Structures are given as structure tokens and as C-alpha cells.
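Working notes for the structure below.
The values are calculated or read from the model by the stated rules, or taken from the named source; none is laboratory data. Because the structure is predicted, anything quoted here is derived from the model rather than measured. Backbone-built Cβ (ideal geometry, glycine too); neighbour counts: all protein chains shown. Side chains are part of the model used for accessible areas, which takes the heavy atoms of the whole protein and leaves out ligands, DNA and RNA. Shrake-Rupley method; radii C 1.70, N 1.55, O 1.52, S 1.80 Å.
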Amino acid sequence: MQARIGVIVAGIIVLVASLSAAIDGPLSGEVRESNWGISSWAVIRRGQAGVIHAGGGDELRIYLLSSSPGVTVQSRVRSFTPSFSGDYYLVSSYDSGPQNLLGGYFNSFSLSPSAAGATIKRWDDGRRALTLDFLKAGTGFSGMWVHLFDLKKPAAERVYFDSTPFSHLAFWVRGGRGDERILLKASDAAWERKEDALPIGEVADFLPGHKIESGWQAAVVPMKRLPPALDRRQLAGLVFEIAGTGQGCIAIKDLAFSKASQAPPLSPPTAPPSGEVHVERALWVWNTRDILASPDQQRDLVAFCREMRITHLYLQLPNEARNLGASGEIRLEEGVWKPFLQLLNSNGIHPHALDGSKDYALPDWHARVLLTLDNVLRFNRSAGPNQRFWGIHYDIEPYLLEGFLGPRRQAILKGYLQLLQAIATKAHSGGLKFSVDVPFWYDALDEVTGKPFRIEFGGLSKLPSEHVIDLADQVSLMDYRTSAYGADGVIAQAQDELAYATQKGKQVFVGLETTSLPDEDLLDFEGEPVRSMPKDPPAGYSILIAPGGQTTVAYLVSRAQWDGVRRLLLDGGRNPESVFWWPVRKITHVPSHKLTFKSLGVAHLNQTLDEALQELPRYRSFAGFAIHDYPGYRKLLGSKP
């Protein structure tokens, strides 16, 4: 299982102007014209690359190349005022859920060394509220935004908030210290597209005592205080930006727009859930070969599963040379598997045979995948009732194939779905449950069209995630985020798949990551490429593609590295005047702590699990959590793997 970061988080993580880590020399990577359907690099109008800051050195990967210029900004902006009774419209009480009544999400933002995190938290008086925990250092910034529209809808379908019937914005607020300084900002549709907002004033200016305190106070903001440059007919969001320094927190409750100069009544406390919510847990195990060779490790694994209440194990089938058949299929050694599976089954742990590779999506690999499945089915037929696999589990990640975000995507996904369909038929004929790993972003907006990507399969046009859910009995959603709430949190990223699986009567395990992952910078570029090497290199970074020879090479070049790249091209027999290049328009930093709990600790993981359990059980399809992976989880808990 690999982390696929690119193209799915832009606009969610803080945007920065330079790479998050210095790189030594220009980075390069091979690109193949055949994988991108390119007749000439001159037609490329949009792309995205990733700089992965791995332990063994920085790596450059090309994620997206397209001849389309991308999403066109809609000239017509839609807005509305929802129906309401009385003097105010309550956007959200913030008792639950990642979205408000306008479909808007909230999210924290920060730039190191400052930090921020947004969640829905129960306070000491029993009230749940939107809570921003922050650290504001001498440099960097931190805060939280609240949208008044659904940012996950295509641009043409977004509807903004017409606030003209209201005279005031109101909300209840309290602080952790009682002296927090918070700057309130607002944006309309135009400013939101710029990813910016305009200041209204400090929150304290709108409080009776002109100071945030540790008890609840009503903030009442006259709409006439909004900057004249904002279009009140198209309000897009509010921003709470930390104006002071130090560590603190604020809580926001009952956000509303009012026709009178008063806030809505403060919502009463809510009762905590009664009793403990019992859900299942699954665990990926990739080091099966070592475990099979050691009865002690097998007993340790069982003890760990019982302690952590793990009920499903995804067990990688060893695929060393001695385990492979003539066609590359994996064979099972009955003498070592049967006693191990009996130990698991007798302790109430469901064993799944795990297999997977990005290449499995390609038709040339389908036969060997199905031969391996035949071997699992044959093994189960020869085994006693308590010595069998409970299910078959696949970790096939077709999006890791070069050109997936290009003309190959339809063909790759069709091959992938055809394989899953064949697996489902075989698995069910042998009495096996069939489960699949899927990323949370299969339902995300397409980077070029701005609309959800759908694929035709079985006569139906659906999201890739929906087709996979249709075919499988269970899916493990690789929901690799370390915050439960927020626009890019665990809850928000899982809710659509959970809703669809509920309709289909399927089960979803929500997967979280505990292993080490690298930081990454995403680099977006667009427009018509420039031909030949520049005489006056541009500031910042550029993506350069150098055809020639048997391979084409892509380079990431800083202003100071152009001369070095010219020498590299000449040494490699390439013509520096035949290159194509684009200035990097935007750099998005994706820190690993957004994806994995590795550096955050077990307390943070447990808090995220507890917060997710406040929301996810409302979906009948929610089966529990899947943890990646066994050694990583044990290390996080302080155990030796």
C-alpha cells in the first residue's frame, strides 16, 4: 500500500511560495509519451508534479499532463437566501457533523512554525462547539475558515449565500485562556476564488466587554461593517485568524445571520452518547513471511489483536520466488498456513488472503491474479473448517500507473473493474468474502474538467468508488487523514462512500495510517509551454521536459540551476533548444503529519478515533476502522514490531 498524495488536496492544505525543503541540484524523472498519449509536448496546457521528500533523497514524479487548459471560471454566480422563520437563520449550532446547513465545511489553516487544528469538541458545560486550537508563533500564521457553500461541488453547481435580508452576523464565542485575539474576515465568491478574505475587525470589538473571555458571550456584527468591496449577495465564507501570539483556543457556537441586533439563544448542552460504541477493527499485515516462520510471532500477533480488539487481518501472501508458480501466481504452503489460520480462527480473528499491485489493473496481469485466487480457493477446499481463509482482500492501486491522470485513465479503470468483477465471481463461488482497498478521493472533482470523474462499466456510468463498492462485499477506505473533523478530515472524506455503501447494503472499513510517509510538495503549472532555454531564467521554479534519445526526461529547475541543466542536456546528447518548459504557478505543501499518525503519537490517534465515532456510526455501512499497518501500529503504541 502506497500513499498517493498528488492532485487531491490542492486548496485544502496551506499554499506556499517555495518548496518546503531545499533540494540539491535539479530533480529529474523519466516520462513516456506513450503513457500520456502525447504526439507533441507543445500541446500540454496543464500539469502537476510532486516533489517527494523521501529519506533516500528527493524524488520528482509527474502526476498530471493534459492538453486541456483546465476549469473555466463561471461568469455567472448563483446565490440564494434559504427559507427561515423568525428573526434569524441558524447556519449551524455545531453540535455535530462536518457540514453546516448551507453545505459549507470548516477547516484550519496554518504555516509553520505556527499551527492550528479545528474540531467539534464538548466543553465543560456539556455544549459541543466548533473549536480552534492554535499556536501562533512570531512567524507563520494560523486560523480557521467556515464556508457558506459546498466547496466539493463543481464550480458551476456552487450556490453562495445571499445575506441581503439580514442586518447582523451573530455567534456565541468563548476562549480557553480568556484573552485570545481573533481577527474576523469574510469573503464573497470572487475573493474565495482568490483564496483570500477581507478583514472586518477583531472578534472582541463585537463583544459586550470587548474581550474574549472563558465564558460564553454573544458576538453581534453589523453587516454594514463588512468591507464595501464584498458582494453581500454572494457571501462565501468567514475566517477566524489568530491576531495575537501564543497558544490558545476558541469555541464558536450557533453561527447565524439575524434581522435584529441580537444573537440566537445559546443552544443547550447535549447529552453524551450512552454506552460504548462497539465496532470492528481490521489490520494490514505485510510481513506475513516472517510471522509464518515463527510460532512465537504468531502468538504475539494473536495477543496483539485480542488486546486491540482487531477482528480482521489482511495477510499478505508471500510472493518470493519459491512461492511462485510457472505463470507468476502465488502458491500457498499448506503445512505452515493451516496451523496459523486455525490459531486465528479459534481466537475470533477473520483471516483475509491479501494480494495486490498497481500492475494488476493491466489485462496482461489478470490471468496470474486469478490463478493465485484459484490457489486460495483450492487451499480452502483442502483445509478443515477452522483452517480456512475467511476472505480475499486486494490492494490494487491503478492510479500509481503513469498516465492515470491522462488519456489512459478510462482504459486503466476498465481493466481494473473487469478484474474485480472476475475476482468477485470466483470468490463468491468458493464462499469467500471479497474486499478491496480504495482511496477516499475516487469521488473528487476532476483536476481538468472540475466535475466528478465517471466511468462507464456494466452499462452504468458511475464514480469509480461506486463501481468498486458494487462489486465488493467490503471496502477498506484509505482515508489517510489525521483529523476527524474539517473539510479534509476523516469524517468528511468518508461520508459519500459510506452513504453509497449503505444504499447498496455493503460494508466500509475506514482506514487510518500509522507508518512513516514523506512530506511532499505539489507543483502546478499551466499555459502554453515556452520553447528553448531562457536567456534570463525566471524567478522561482519551472518544470522542463527534454525530449530526445530513447527517453524523455522531466526536470524541476530553480532559477540558479538552468546552466546546470543545460550542461546535463548536452552531456546526454540532447538539444537544449528543443525543450519545453512552464513556470510553476503554485506550490502546495502536504506535510506527512496530515496523512499519518507516525509523528503524532497514539493519543492523537485515539482522539481521532473517538471523534470519528461521534459521527460515522450513523451510517449502517460503517463496519469499523482499518489500521495500516501491523508494525507501524505496534511502534505507535510503544511496542516492538
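In region 155-198, the alpha-carbon atoms span a convex hull of 135 Å³ per residue.
Prolate is the label for region 503-623. Its Cα gyration tensor axes, ordered a ≥ b ≥ c, give a/c of at least 1.5 and a/b above b/c. For region 101-152, the C-alpha radius of gyration divided by 2.2 N^0.38 Å, with N the number of residues, is 1.31. Judged by the ratio a/c of the largest to the smallest principal axis of the C-alpha gyration tensor, region 14-128 counts as oblate, that ratio being 1.5 or greater while a/b is no larger than b/c.
Distance from the Cα centroid of region 91-126 to that of region 449-473 is 31 Å (rounded to whole angstrom). Compared with the alpha-carbon gap, the fully stretched path from SER112 to ARG454 is longer by 119.4 nm at 0.36 nm per residue.
Cut-off under 27 Å on the C-alpha distance; same-chain residues fewer than 8 positions from LYS224 excluded. Which lysines are left, in chain and number order? Cross-link targets: LYS185, LYS194, LYS211, LYS253, LYS259.
Between ASP290 and THR270, 0.36 nm times their residue separation minus their Cα-Cα distance comes to what?
The span from ASP290 to THR270 would gain 2.3 nm if fully extended.
Gyration tensor over the Cα atoms of region 433-527: the corresponding equivalent ellipsoid has semi-axes (square roots of 5 times the eigenvalues, largest first) of 23, 20, 12 Å. For region 527-549, backbone nitrogen atoms closer than 17 Å to the point 7 Å from ASN575 Cα along Cα-to-C-beta are found at 530-534, 545-549.
Can you list the aspartates and glutamates whose alpha carbon sits under 12 Å from that of LYS504, skipping same-chain ones fewer than 8 residues off? Within the straight-line limit of under 12 Å, LYS504 reaches these aspartates and glutamates: GLU466, ASP470, ASP473.
Excluding ligands, DNA and RNA, what is the solvent-accessible area per residue of region 214-284 at a probe of 1.4 Å, expressed in Å²?
With all protein chains present, region 214-284 gives 44 Å² per residue.
Packing order of peptides 131-137, 623-629, 94-100, highest average first: 623-629, 131-137, 94-100 (average count of other Cβ atoms within 10 Å over each peptide's residues). Straight-distance candidates among the aspartates and glutamates for linking to LYS358, with alpha-carbon spacing under 14 Å and chain neighbours fewer than 8 residues away dropped: ASP395, GLU397, GLU402, ASP437. Per residue, region 357-491 exposes an accessible area of 33 Å² to a 1.4 Å probe, with every protein chain left in place.
In terms of packing, defined here as the mean over residues of other Cβ atoms within 10 angstrom, the peptides 318-325, 219-226 line up highest first as 219-226, 318-325. Across every direction, the projection of the convex hull enclosing the Cα atoms of region 19-61 has a mean area of 4.0 nm².
Of the residues SER163, HIS147, HIS210, the one whose Cα sits farthest toward the positive end of the charge dipole of region 144-243, with +1 on the Cβ of Lys and Arg and -1 on the Cβ of Asp and Glu, is SER163.
Among 255-268, 289-302, 232-245, how do they line up from the highest to the lowest mean number of other beta-carbon atoms within 10 Å? Numbers along the way, then the final one.
Numbers: 255-268: 17.4, 289-302: 15.1, 232-245: 20.9.
The peptides rank, most packed first, as 232-245, 255-268, 289-302.
Potential lengthening of the chain between SER96 and ALA54 amounts to 11.4 nm, from the contour at 0.36 nm per residue minus the alpha-carbon distance. Max-minus-min Cα coordinates of region 202-345 on each principal axis give 77, 39, 32 Å, with the largest extent listed first.
Within region 264-284, find all residues whose amide N lies under 12 Å from a label point positioned 7 Å from the Cα of ARG309 along Cα-to-beta-carbon. Label zone hits: 275-282.
Its Kirkwood hydrodynamic radius, worked out from the mean inverse distance over all distinct Cα pairs, puts region 380-475 at 14.6 Å. Which label belongs to the value computed from this structure, given these candidates for log10 I(q)/I(0) by the Debye sum over Cα atoms at q = 0.05 Å⁻¹: [x] -0.35; [y] -0.26; [z] -0.22? The calculated read-out lines up with [y]. Label-to-label distance, ARG32 versus ARG531, with points set 7 angstrom from Cα along the beta-carbon direction: 2.8 nm.
A prolate overall shape is assigned to region 138-248, the ratio a/c of its alpha-carbon gyration tensor axes (a ≥ b ≥ c) being 1.5 or greater and a/b exceeding b/c.
Can you tell me, using C-alpha contacts under 8 Å and at least 6 residues apart, the relative contact order of the chain as a whole percent? Once divided by the residue count of the chain, the mean separation gives 17 percent.
All C-alpha to C-alpha distances of region 582-641, sorted into 10 Å bins beginning at zero, yield P(r) values of 17, 37, 26, 13, 6 percent in whole numbers. Averaging the Cα positions of each part gives two centres, and for region 161-206 and region 388-438 these lie 47 Å apart. Can you find, among ILE491, GLN503, ALA539, the residue farthest towards the positive end of the dipole of region 488-623? Put +1 on the C-beta of Lys and Arg, -1 on that of Asp and Glu. Comparing the listed Cα positions along the dipole, ALA539 ranks first.
Note on ASP610 and HIS428: their simple-model spin labels are 4.2 nm apart, each label 7 Å out from Cα toward Cβ.
For region 218-289, the fraction of alpha-carbon pairs lying more than 20 Å apart is 63 percent, rounded to a whole number.
FRET efficiency for the HIS278 to HIS593 pair, using the beta carbon distance and R₀ = 30 Å, is estimated at 0.55. Evaluated with a Cβ-only charge set (Lys, Arg +1; Asp, Glu -1), region 490-580 carries a dipole of roughly 300 debye about its Cα centre, given to the nearest 20. Evaluate the Debye formula for region 479-563 with equal point scatterers sitting on the alpha carbons, no solvent, and hand back log10 of I(q)/I(0) at q = 0.12 Å⁻¹, in q order, two decimals. For region 479-563 at q = 0.12 Å⁻¹, log10 I(q)/I(0) is -0.68. Here the accessible area of the chain is 48 percent carbon and sulfur, with a 1.4 angstrom probe and all protein chains present. Computed over protein heavy atoms with a 1.4 Å probe, the accessible surface of region 54-205 works out to 42 Å² per residue.
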